[in-house]
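The values are calculated or read from the model by the stated rules, or taken from the named source; none is laboratory data. The model shown is predicted, which means the values in this text are computed figures rather than measured ones. Here the Cβ positions follow ideal geometry from the backbone for every residue, glycine too, while neighbour counts run over all protein chains shown.
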Amino acid sequence: MKLLDGIRVLDLTNVLSGPFATLHLALLGAEVIKIENPDGGDLARKLGCVPEYNKKLMGTSFLAQNANKKSLTLNLKESDAKEIFLKLAAQSDVVVENFRPGVMDRLGVGYKKLSEINPKIVYLAISGFGQTGPDAFKPAYDQIIQGLSGVMAINGDERLNPLRCGFPVCDTIGGINGAFAVMSALYYREKTGVGQFIDVSLLDSVMPFMGWVVANLMLGGQEPQLLGNDNFTAAPSGTFVTKDGYINIAANKQEQWEAVADLLGAPELKEDPRFKERDARKANRFELTPLLEIKLKENTTAYWTEALNKAGVPSGEILSLESALMQDQIEHRNTFSELEVDGIGKVKLFNMTAKFDKTPALAETPPPTLSQHSEEILKSIGYTENQIEEFRAKKVI
């Protein structure tokens, strides 16, 4: 049994925030049916670094977010397509969309209509700014939200600021927030028999993820410090130069700081009034760092990582993305499944990163080709082969 066995999700989402939400539901065992426009489908099918895959409508961006899903094409501007969608919705548990507010209502398949035919439906709408408010109808991409949320303002240092995160952090956080919300609403429905509308905003979603930074400003009146790779909560805590590269050291406790000083052969720093106490070290971090790096440059990153960890001081190498993905620990944790994709070959796709001992959540089927499951799904709700051919001829599917 899978955790979400028997749950059917209609996924009308595109690109990242919505597909990331439904990916998690699919990994947990829900039947996720992507409802895609017959003319090209999810835009992510054409996005990625391999032009050949984009031409096949299987871009790397699409592959990354759509394992375990099925694809049904519907042109929802056509009345027959709306009828098909409503039939499916009557037999489904969840609908997820990431259009601008009001689009689904204008198509005649919004929450009000769906809840009339299926009061148990859980409906998730993901958007940049939410369904209401002065900015609700503004267009939003991840970078726009990074700027408006304050994320870019707190990254970098005096030389490089503002600075965006190197991946679409607002989209992915919005997606995981949406998946969590759907699971919560399904639990509520289990108790009450009633579905509900969920309004997830990317702007809302990312702000709590800056928790300490926001709390320091709102509760303590402290503006964010532009510390680059340093950790504002402690010192020495950040990135330091070694003989052959860089190392992350997180000496967040007093005893860890003292262990660093001893291990580096500089016990006198423990009694230096600039560094003796935590707050003093934070205030004088730019004086402390070069003193530590003089010692760290005497040996390699690998040497110091092993020595510091053995002494109880959290530390680690700074890996390239490729090296990070190939770590023994990642393989041990079964972070990826290897799946065969027609016309592309074997690809590695993420499994659920939470490990369930009774209901494993794995990527088991490759992302679908456009319209791959249309016939199967339409037959399952009563349409005949002749009707399906008519739909194709009329470009309904």
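Selection of the range 356-386 for residues being more than 21 Å from I35 (Cα to Cα) and surrounded by 11 or more Cβ atoms within 10 Å (Cβ to Cβ) yields F356, T359, P360, A361, L362.
The rows are residues; the columns are (1) outside any helix (DSSP H, G or I); (2) modelled with pLDDT under 95; (3) over 30 Å from Y111 (Cα atoms).
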site	(1), (2), (3)
V200	yes, no, no
M210	no, yes, yes
Q225	yes, yes, yes
F232	yes, yes, yes
G238	yes, no, yes
N248	yes, no, yes
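Within the range 311-322, one or more residues are part of a helix (DSSP H, G or I), out of contact with any Pro (no Cβ under 7 Å at 6 or more places or on another chain) and closer than 28 Å to R45 by Cα. Could you grab the pairs with beta carbons closer than 6 Å, sequence gap of 6+ or different chains, first residue in the range 280-309 and outside any helix (DSSP H, G or I), second one of a type in the set (D, E, K, R) and at pLDDT 95 or above? Note: pairs meeting the criteria are N284/R274; K297/K243; N299/K243; T300/K243; T300/D244. Taken across the range 178-193, residues that are modelled with pLDDT of 95 or more, acidic (D, E), in the same structural domain as Q143 (by TED's automatic domain parsing) and touching a strand residue (DSSP E or B) at 6+ places or on another chain (Cβ under 9 Å) do not occur at all.
For the range 161-175, filtering for residues that are in contact (Cβ under 8 Å) with a residue 24 or more places away in the chain and surrounded by fewer than 16 Cβ atoms within 10 Å (Cβ to Cβ) leaves 1. Exactly one residue out of G40, G29, G133 is assigned to a loop (DSSP other than H, G, I, E, B), farther than 24 Å from E376 by Cα and in the same structural domain as E389 (by TED's automatic domain parsing), and it is G133. With the structure loaded, tell me whether L203 is under 36 Å from the mean Cα position of the chain (by Cα) and in the same structural domain as E158 (by TED's automatic domain parsing) or whether it fails that test. Criteria met by L203. Note on the range 325-352: residues that are among the hydrophobic types (A, V, I, L, M, F, W, C), over 18 Å from F20 (Cα atoms) and within 19 Å of the chain's Cα centre (by Cα) amount to 2. Residues in the range 83-108 that are assigned to a loop (DSSP other than H, G, I, E, B) and under 27 Å from the mean Cα position of the chain (by Cα) were compared, and the one that is surrounded by the fewest Cβ atoms within 10 Å (Cβ to Cβ) is G102. Between L25, L47, L43, L16, the distinction of being out of contact with any helix residue (DSSP H, G or I) (no Cβ under 8 Å at 6 or more places or on another chain) and over 16 Å from F85 (Cβ atoms) belongs to L43 only.
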